[in-house]
Amino acid sequence: MGIPKLLILKQLFTKPTKSHFNLTRTLCSVPTNTPLSISPEFVKFVTSSPRSSVIPLLEQYFNEDKNVLESEVPKIIRDLRKRKLFDRALEVLEWANRKPVRHTDSGVLSFHLDLIGKVRGIAPAEKFFEEANDHSEKMYSCLLNFYVQGMLVDKSLSLFEKMKEMGIASSPLTYNKVMSLYLKNRLPDKLLDLLLEMQDKGVSPDEISYKLCLKGCALTSDFDSMDKLVKAIKDQHHLSFDWLTYATVASYYLDGGHPEKAITCLQIAEDMVRDRVGYNFLISSYAKLGDVTKVTELWQKQKDVCKSHRNHDYMVMLSSLMKFDMFEQAEGLLEECRASSNEYNHCVVDALLSGYVQKGLVEKAEKLLEDQISKNTTPVPISWGIISEGYIKCQNMQKAVQCMEKALRLGPQQKGWAPKRAVISNILTWLGQHGDNDQVYEFLKLMSRVAPMNKNTFLTLKASSKHGKDVNVILQRLKDDNIDVDEETSKL
């Protein structure tokens, strides 16, 4: 006869048991009063099945147990929304609203409005808003959120003014949405006025309010106002500002040319830091400030607090040391990482390679990579790509081509890797002008393993044709190798 749909539904919603792999035993052992909850099986079911398949199952269960609408369906809807299955959540909610037991409180209405906006767009959301005729702050705030996300400035501000007139703009969340709208529309000077308005109307700013205003001050280079905000933040004992808040403000001061103020904020942040993420941020910040003593002090402090250093920690420290031209110490740190219990990977080496390239020491970078390979470090394409880019900056195009060819040969081994477009463009242009038919063909053949024959190819062959090369021969050889050539290139 098969398994009844009701039992299938119960299995989909019930948490797995020890006998979960025995379907019959699981279904028969589910008590009638077992609460429903989203299981992995249900998620798989609703994402892979036709849209119409969920409601009949819910319908059959509802017919047998009327309490399911009040007790369990709201949980199902919220879990679906949490998993970003908005269309499924809306479908179940609208099915539930067609039943005799209706949810009419503003919390459910705003929830419904939110789902309509996410699934169907702003216009249907506006229609639902008008028909609901609900003047709660939740409903207005939900619609305002869609206007802000859609960058609808006039509608956002108009609705915001209406909320203030109605006396329902009482939450800092509402003001924060308008602040974010101003930031997105490059009107950061309006944020401080909005903060003052909040205080005048008795709406207490929260952490986000202050952070948005700090960002606005940074964008307008209004460091006098930023000083006042930092002082105000210190006095807001009822709010929780973590190390990242002060570290971010320090970066604003540093970028704005106020190193002394940046150091003051970094000192506050340091007293609050308890994890490696915070220490890495502080190390990078003090490296920008040129304080090598503080960098090495924090490096040791990080190890004392976190008990060890990981690959990313080494990458941050290597990049910092390179700012001080401490090449010998950097290479020593690389060997320390290699000898540690970390799962040593190419990212640590690449941090040092990039540092050398930025300093114009590309030959030193190449030698370092070759030394690492000799120590049984498996090379990856991105490492050779870094060096190729360095040789381009030094205008040594022959070496740039050679290093990129090494990268391209390794390319298929690293999923998702592709060479930088600017690097390839430079190489292709140079090959078109200085390489012979064989060189152009071999490079394009290698490149086809990780990148399609697109507009860059077209430009290269076009440049080649200007210097007496037989473009048709190159194209034909690529086609003979079953390498796809786009229509634009074929027209040559």
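Bear in mind these aren't lab numbers, they're just calculated from the coordinates by the rules spelled out. If you're wondering where the values come from, they're calculated on a predicted model, not measured in any experiment. In this analysis, Cβ positions are derived from the backbone assuming ideal geometry, glycine residues included, and neighbour counts consider all displayed protein chains.
Each residue of the stretch 355-364 is assigned a 3J(HN,Hα), and the resulting list reads x, 5, 5, 4, 8, x, 9, 5, 5, 5 Hz, derived from the Karplus form 6.51 cos²θ - 1.76 cosθ + 1.60 (θ = phi - 60°), x at Gly and Pro. Computed from backbone phi, the HN-Hα couplings of the stretch 155-162 come to 5, 4, 5, 5, 5, 4, 4, 5 Hz, rounded to whole numbers (Karplus: 6.51 cos²θ - 1.76 cosθ + 1.60, θ = phi - 60°; Gly and Pro given as x). Between residue 363 and residue 479, the FRET efficiency from the beta-carbon distance, with R0 = 51 Å, is close to 0.85. Rounded, prolate or oblate: pick one for the stretch 90-223, where a ≥ b ≥ c are the square roots of the eigenvalues of its C-alpha gyration tensor, a/c under 1.5 means rounded, and failing that, prolate if a/b is larger than b/c, else oblate. Cα axes put the stretch 90-223 in the prolate bin.
A Förster distance of 35 Å, applied to the separation of the beta-carbon atoms of residue 328 and residue 393, puts the FRET efficiency at 0.90.
For trypsin sites (Lys or Arg not before Pro), the sites in the stretch 263-330 that DSSP calls loop and that have at most 13 other Cβ atoms within 10 Å are 274, 307. Step through the table entries 445/479; 164/215; 261/294, compare each Cα-Cα distance with 18 Å, and write down the pairs that go over it. Those over the limit are 164/215. Here residue 413 and residue 311 are evaluated by their C-beta separation; at R0 = 22 Å the FRET efficiency comes out at 0.65.
Rounded to the nearest whole Hz, the Karplus-based 3J(HN,Hα) values (6.51 cos²θ - 1.76 cosθ + 1.60, θ = phi - 60°) of the stretch 475-481 follow the sequence 4, 5, 5, 5, 5, 4, 8, with x at glycine and proline.
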